[in-house]
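Shown next, in structure tokens, is the structure this report addresses.
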Amino acid sequence: MPTTPFAALFGRSPFTGLQAHMAVVRACADLVPDLVAALCAGDDEALHAAADRICELEEQADKVKHDMRVHLPCSLFMPVDRRDLLEILHAQDAIADTAQDIAEIFIERDMRLPPALDPILVELVAACVAVVSDAAEIIGRLDELLEVGFRGRQAEQVEALLDTLNKSEDRTDELEQALTRALFAIEDDLKPVTVMLWYQVIAWIGDLADHAEKVGNRLRLVIAR
């Protein structure tokens, strides 16, 4: 029986599955700005196209996650604790799940906001997706860290990137609060259910960055050990 790609690659690096999964997760998150741009423009065709692609990528991420769980070695001689890898995987997967949640509510209900709120919504989404991209870049450097035993200049560089990621996530919190305040200021002009759903959507958008930060925080623990 031929060796599966995942099983073969894990022989070289325990991070292969994480990197494959994060590549799909990142692609999924990268479509959220397109989704929001279509919403703001009232372009239903583009909205549905972006939502459909996000859902496809989320399903693909689930398949990669399953493959990783099946083939991840249980060996005590792995350079990284299996539990750490699975916790990072869980945080990454939550990013794709959240992107899908946003996509689904946008196509299930008319969620357009007053145009005055569009700029801060777009800014918030871009900032949150940028944090996901930062996390993906760090995940992509894990093999370098493995080669040097998570020490030295490479580890210091990754620590610096993690610090930047944390600061970027703090900025998304500020934008999330600003958008929430702006929504609160006009909520009397909107349907109550619309306000309620938008509070949830704003939280989900912020969660994209929150989950990416969790990826970084878990990696920081791995490096510190």
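The values are calculated or read from the model by the stated rules, or taken from the named source; none is laboratory data. Just so you know, these numbers come straight off a predicted model, no measurement behind them. Cβ atoms come from the backbone with ideal geometry, glycine included; neighbour counts cover every protein chain shown.
Could you tell me whether Ala91 is in contact with a Leu (Cβ under 8 Å, 6 or more places away or on another chain) and under 15 Å from Val25 (Cβ atoms)? For Ala91, the condition - in contact with a Leu (Cβ under 8 Å, 6 or more places away or on another chain) and under 15 Å from Val25 (Cβ atoms) - is not met.
If only residues of the stretch 16-39 that are over 30 Å from Leu113 (Cα atoms), crowded, with 23+ Cβ neighbours inside 10 Å and out of contact with any Lys or Arg (no Cβ under 9 Å at 6 or more places or on another chain) are counted, the one that is modelled with the highest pLDDT is Met22. The residues of the stretch 100-128 that are under 14 Å from Ala38 (Cβ atoms) and surrounded by 21 or more Cβ atoms within 10 Å (Cβ to Cβ), listed by number, are Ile102, Ala103, Phe106, Leu121, Val125. Tally up the residues in the stretch 129-170 that are part of a helix (DSSP H, G or I), without any contact (Cβ under 8 Å) to a residue 40 or more places away in the chain and over 25 Å from Val32 (Cα atoms), please. Residues meeting the conditions: 8.
For the condition part of a helix (DSSP H, G or I), in contact with a Gly (Cβ under 9 Å, 6 or more places away or on another chain), touching a residue at least 60 places away in the same chain (Cβ under 8 Å) and not charged (D, E, K, R), Ala182 does not qualify. Contact map, the stretch 206-225: residues that are within 15 Å of Asp170 (Cβ to Cβ) paired with residues that are crowded, with 19+ Cβ neighbours inside 10 Å and acidic (Asp, Glu), Cβ distance under 8 Å, separation 6+ or inter-chain. Pairs shown: Gly206/Glu176; Ala209/Glu169; Asp210/Glu169; Ala212/Asp134; Ala212/Glu169; Glu213/Glu169; Gly216/Asp134.
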